[in-house]
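The values are calculated or read from the model by the stated rules, or taken from the named source; none is laboratory data. Note that the coordinates shown come from a computational prediction; the quantities given were computed from them, not determined experimentally. No Cβ is skipped: glycine too gets one built from the backbone with ideal geometry, and neighbour counts run over all protein chains shown.
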């Protein structure tokens with residue numbers, strides 16, 4: 001699926017050039033996802049095909065990388081899964097195909113990444129950003145070279161999913177060419193199944209538009225998937241509000257803090273997407289059609305709505321925290337009031353017991369037979385009278 005919960009400290013596998021392995025400190029990174037060591041200061045930025053050949057993954061991932069190739073046009077489509085890197089290099093896009101979508105699940109198969117980077121002439125800076133996760137969402141435009149390579153649009157986005165009650169996010173890297181969209185995911189599992197279903201339907205809007213429209217659909221699915229997550233936390237906040245108002249539950253405060261933390265983590269994933277979507281919708285890129293940019297501006301509006309909803313839910317969670325503290329204070333006041341009333345009732349009784357508990361020889365009531373019953377009668381009358389008076393005043 002996606003990466004481990006953001007609230008946990010995910011462990012990632014190391015990825016480094018073979019030449020630097022012996023000179024390292026010997027510490028190994030453990031985990032599912034490959035991760036490059038940061039380059040030394042002064043080294044040239046970017047990763048080209050030659051450098052990819054020298055890199056190895058210290059620990060293989062739990063699941064192998066998966067390459068899926070989807071070709072479609074208005075008349076037909078073709079979906080191929082688990083395509084080998086050698087086959088991708090040897091074969092070209094079918095003549096009937098108007099758009100090709102290449103999706104890579106997993107970043108540990110460097111041979112596969114090298115094959116895609118070489119065939120489609122991906123820029124070394126973009127390849128470095130694909131492997132160095134996480135990156136901040138952004139848009140980069142790489143113009144074509146003099147050799148005839150097409151210009152490519154490189155986008156880094158954050159895909160957020162709600163799995164096992166926790167928010168999990170991963171980096172998604174997207175390349176847009178003239179007729180090709182290439183996507184790299186950290187691991188298997190995404191929110192793009194509705195898009196794959198649209199591709200299989202004849203006459204769908206995806207089938208009759210260009211590759212840039214597919215890019216829009218992918219970004220729209222990533223952004224709109226935050227709405228069901230927000231619905232989940234909206235229902236959770238309503239349940240917590242009822243718990244706080246109807247009964248006092250100490251576990252509610254812990255649940256509120258968990259919700260606040262998850263909302264904060266979701267905001268950290270969505271807010272950086274705003275600038276990226278604004279850039280795509282307003283600036284001119286040769287790869288994006290006017291129709292696509294119009295739709296991308298709608299995705300930008302959705303991102304703004306999500307951010308506003310996140311701020312609202314965070315304010316509600318903060319209000320629930322204050323309501324919980326107020327309820328806790330009110331409960332404490334009620335307990336203290338009862339204890340104070342009980343103490344007040346026993347003050348005169350304690351006084352009487354203290355008077356007749358003194359060790360003086362000449363106490364007039366000690367020599368009469370009715371003194372002890374009279375003492376209890378006076379105590380009961382005083383306690384009953386004070387209790388009735390407190391009830392009349394509404395203190396009990």
Check: Taking the stretch 122-139 as the region of interest, how many residues are crowded, with 18+ Cβ neighbours inside 10 Å and under 12 Å from residue 272 (Cα atoms)?
Finding: 2
Note to self: If I ask for residues that are without any contact (Cβ under 8 Å) to a residue 40 or more places away in the chain and under 17 Å from the mean Cα position of the chain (by Cα), which ones from the stretch 194-234 would you list?
What the structure shows: 221, 231
Next item on the list: Under 6 Å between Cβ atoms, at least 6 apart or on separate chains: pull out the pairs that start in the stretch 359-386 with a residue that is surrounded by 11 or more Cβ atoms within 10 Å (Cβ to Cβ) and end on any residue that is modelled with pLDDT of 85 or more.
Entry: 379/349; 382/348
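Quick grid of which residues meet (1) under 27 Å from residue 265 (Cβ atoms); (2) assigned by TED's automatic domain parsing to the domain that holds residue 246; (3) part of a helix (DSSP H, G or I); (4) touching a strand residue (DSSP E or B) at 6+ places or on another chain (Cβ under 6 Å):
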| site | (1), (2), (3), (4) |
| --- | --- |
| 284 | no, yes, no, no |
| 288 | no, yes, no, no |
| 291 | no, yes, yes, no |
| 296 | yes, yes, yes, no |
| 307 | yes, yes, yes, no |
| 313 | yes, yes, yes, no |
| 319 | yes, yes, yes, no |
| 332 | no, no, yes, no |
Next item on the list: Within the stretch 90-109, track down each residue that is more than 20 Å from residue 215 (Cα to Cα), surrounded by 18 or more Cβ atoms within 10 Å (Cβ to Cβ) and more than 26 Å from the chain's Cα centre (by Cα).
Entry: 109
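Provide a single number: the residues in the stretch 145-160 that are touching a strand residue (DSSP E or B) at 6+ places or on another chain (Cβ under 8 Å) and surrounded by fewer than 20 Cβ atoms within 10 Å (Cβ to Cβ).
Count: 1.
Can you tell me which residues in the stretch 268-294 are buried (at least 20 other Cβ atoms within 10 Å of the Cβ) and under 25 Å from the mean Cα position of the chain (by Cα)? I'd like the intermediate steps shown before the answer.
First, pick out the residues of the stretch 268-294 that are buried (at least 20 other Cβ atoms within 10 Å of the Cβ): 269-270, 273, 276-277, 280, 288, 292.
269, 270, 273, 276, 277, 280, listed by residue number.
Please work out which residue is nearest to residue 390 (Cα to Cα), limiting yourself to the stretch 334-358 and to residues that are assigned to a loop (DSSP other than H, G, I, E, B) and free of Cβ contacts under 8 Å to residues at least 12 places away in the same chain.
Start the filter on the stretch 334-358 by keeping residues that are assigned to a loop (DSSP other than H, G, I, E, B), which leaves 356-358.
From what is left, the residues that are free of Cβ contacts under 8 Å to residues at least 12 places away in the same chain are 357-358.
Working: 357: 28, 358: 31 Å.
Among those that are assigned to a loop (DSSP other than H, G, I, E, B) and free of Cβ contacts under 8 Å to residues at least 12 places away in the same chain, it is 357.
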Note to self: Against the condition touching a residue at least 24 places away in the same chain (Cβ under 8 Å) and closer than 19 Å to residue 288 by Cβ, how does residue 191 come out, does it pass?
What the structure shows: no
Notebook entry, point to check: Since residue 106 meets every condition but one in (1) touching a strand residue (DSSP E or B) at 6+ places or on another chain (Cβ under 6 Å); (2) on the phi > 0 side of the Ramachandran plot, which condition does it not meet?
Noted result: (1)
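So how many residues does the stretch 244-268 have that are touching a helix residue (DSSP H, G or I) at 6+ places or on another chain (Cβ under 8 Å) and in a helix (DSSP H, G or I)? So that I can check it myself, show each step before the final result.
Of the stretch 244-268, the ones touching a helix residue (DSSP H, G or I) at 6+ places or on another chain (Cβ under 8 Å) are 244-245, 248-249, 252-253, 255-257, 259-260, 262-264, 266-267.
When the remaining residues are screened for being in a helix (DSSP H, G or I), the result is 244-245, 252-253, 255-257, 259-260, 262-264, 266-267.
So the answer is 14.
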